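*Asks:* Submitted below is the structure of interest, expressed as structure tokens.
The values are calculated or read from the model by the stated rules, or taken from the named source; none is laboratory data. Being a predicted model, the structure only gives us computed values, none of them experimental. Neighbour counts are summed over all protein chains in view; Cβ atoms, including those assigned to glycine, are modelled from backbone coordinates with ideal geometry.
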Amino acid sequence: MKYANRLKKYRELAKISQNSLAEKIGISDSALQNYEYGERDLPGKVIIKLCDFFKITSDELLGLYHYEIVGIGNEKESLSMVDVPLLRNKSADLFLSAPTSDETCLVPHSIHQEYPKAYLVEVTDASLNRKVPQGSYALINPTDKVEDNKPYLISLNHAPVTIMRIQQLRNGFKLLPDSTDPTFATKLINLNDPRSETLTIIGQVIWFTVPFGFEI
């Protein structure tokens, strides 16, 4: 059963024991254990209590990622979703190898098919907040190839990662913020100048989403 592993995953993410969770939602320890092992089906009232506790939808808990979207003229479009890793650690060293995470978030299947190695990163600063809001999750496709004026996840001198647009210059790069915060300024990277900051290009921003409860 898909929800068995997902129930355990959400419990572990919440850093709560089986005993404590069972007490909070009003069921026995053995019942919760059976639900996690997939030995018993989750009743509707328990699903509601679990979703309320974890602040997730029943689709997320049960692993049901197939939706029908009703558009103009009542035409229905099928949208499948898949889980991809969600990274909250901003250390540049994390991205030097293939990053992994126990936490995941949903991404449209069509995007995942086109960018199968992409992962989500929590956006914690306002460097590109006119386009990618602070607090959103940006989908990063790992690459060091640059397309002019596209947004990239980068690090300067191995500092915590940030997002900026990049323009290629003859001897380096121009890093362009797109922010309402004036403290984010344009930077020039001269590859021929040893005094210039070291730029690490981690990947291109492909897409972004916002978490449940995000305030607009």
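*Asks:* Anything in segment 170-215 that is aliphatic (A, V, I, L, M) and assigned to a loop (DSSP other than H, G, I, E, B)? List them, or say none. It would help to see each step written out before you state the result.
*Replies:* Going residue by residue through segment 170-215, those that are aliphatic (A, V, I, L, M) are 175-176, 185, 188-189, 191, 199, 201-202, 205-206, 210.
The answer is Ala185, Leu191, Val210.
*Asks:* Among the residues of segment 133-144, which ones are of a type outside the set (Ser, Thr, Tyr) and in contact (Cβ under 8 Å) with a residue 24 or more places away in the chain? Give the derivation first.
*Replies:* Let us first name the residues in segment 133-144 that are of a type outside the set (Ser, Thr, Tyr), namely 133-135, 138-142, 144.
Hits for segment 133-144 are Pro133, Gly135, Ala138, Leu139, Ile140, Asn141, Pro142, Asp144.
*Asks:* Moving on to the next point. Given the conditions (1) exposed (fewer than 14 other Cβ atoms within 10 Å of the Cβ); (2) modelled with pLDDT of 90 or more, and given that Asp29 satisfies all but one, which numbered condition is not satisfied?
*Replies:* For Asp29, the failing item is (1).
*Asks:* Ok, one more. Take segment 95-107 and flag every residue that is out of contact with any helix residue (DSSP H, G or I) (no Cβ under 9 Å at 6 or more places or on another chain) and either buried (at least 19 other Cβ atoms within 10 Å of the Cβ) or within 14 Å of Arg6 (Cα to Cα) (or both).
*Replies:* Across segment 95-107, the qualifying residues are Phe95, Cys105, Val107.
*Asks:* Taking segment 150-202 as the region of interest, how many residues are touching a helix residue (DSSP H, G or I) at 6+ places or on another chain (Cβ under 8 Å) and not hydroxyl-bearing (Ser, Thr, Tyr)? Show your work before the answer.
*Replies:* Keep residues of segment 150-202 that are touching a helix residue (DSSP H, G or I) at 6+ places or on another chain (Cβ under 8 Å), which gives 153, 155, 158-161, 200, 202.
After this cut, where a residue has to be not hydroxyl-bearing (Ser, Thr, Tyr) as well, the list is 153, 158-161, 202.
Final tally of qualifying residues: 6.
*Asks:* Residues being touching a Ser or Thr at 6+ places or on another chain (Cβ under 7 Å), under 22 Å from Val84 (Cα atoms) and at pLDDT 85 or above: count how many of those fall in segment 32-65. Can you show your working first?
*Replies:* At the first step, the residues of segment 32-65 found to be touching a Ser or Thr at 6+ places or on another chain (Cβ under 7 Å) are 47, 51, 65.
The next check asks that each one be under 22 Å from Val84 (Cα atoms); those that pass are 51, 65.
Subset that is at pLDDT 85 or above: 51.
Counting residues in segment 32-65 that are touching a Ser or Thr at 6+ places or on another chain (Cβ under 7 Å), under 22 Å from Val84 (Cα atoms) and at pLDDT 85 or above gives 1.
*Asks:* Could you pull out the residue among Thr162, Thr209, Thr180 that is free of Cβ contacts under 8 Å to residues at least 60 places away in the same chain and under 16 Å from the mean Cα position of the chain (by Cα)? Spell out the reasoning first.
*Replies:* Numbers: Thr209 fails: free of Cβ contacts under 8 Å to residues at least 60 places away in the same chain; Thr180 fails: under 16 Å from the mean Cα position of the chain (by Cα).
Answer to the selection: Thr162.
*Asks:* Right, something else. For segment 25-59, enumerate the residues that are of a type in the set (A, V, I, L, M), assigned to a loop (DSSP other than H, G, I, E, B) and in contact (Cβ under 8 Å) with a residue 24 or more places away in the chain.
*Replies:* Across segment 25-59, the qualifying residues are Leu42, Ile56.
*Asks:* Considering only strands (runs of 3 or more DSSP E) fully contained in segment 66-124, which possess at least 1 residues that are assigned by TED's automatic domain parsing to the domain that holds Ser155 and at pLDDT 75 or above?
*Replies:* Values: elements: 66-70, 76-87, 104-108, 119-122.
Filter on segment 66-124 gives 76-87, 104-108, 119-122.
*Asks:* A follow-up question, please. Filter segment 83-112 down to the residues that are basic (Lys, Arg) and under 25 Å from Lys8 (Cα atoms) and list them by number. Spell out how you get there, then give the answer.
*Replies:* Start the filter on segment 83-112 by keeping residues that are basic (Lys, Arg), which leaves 88, 90.
Result: Arg88, single match.
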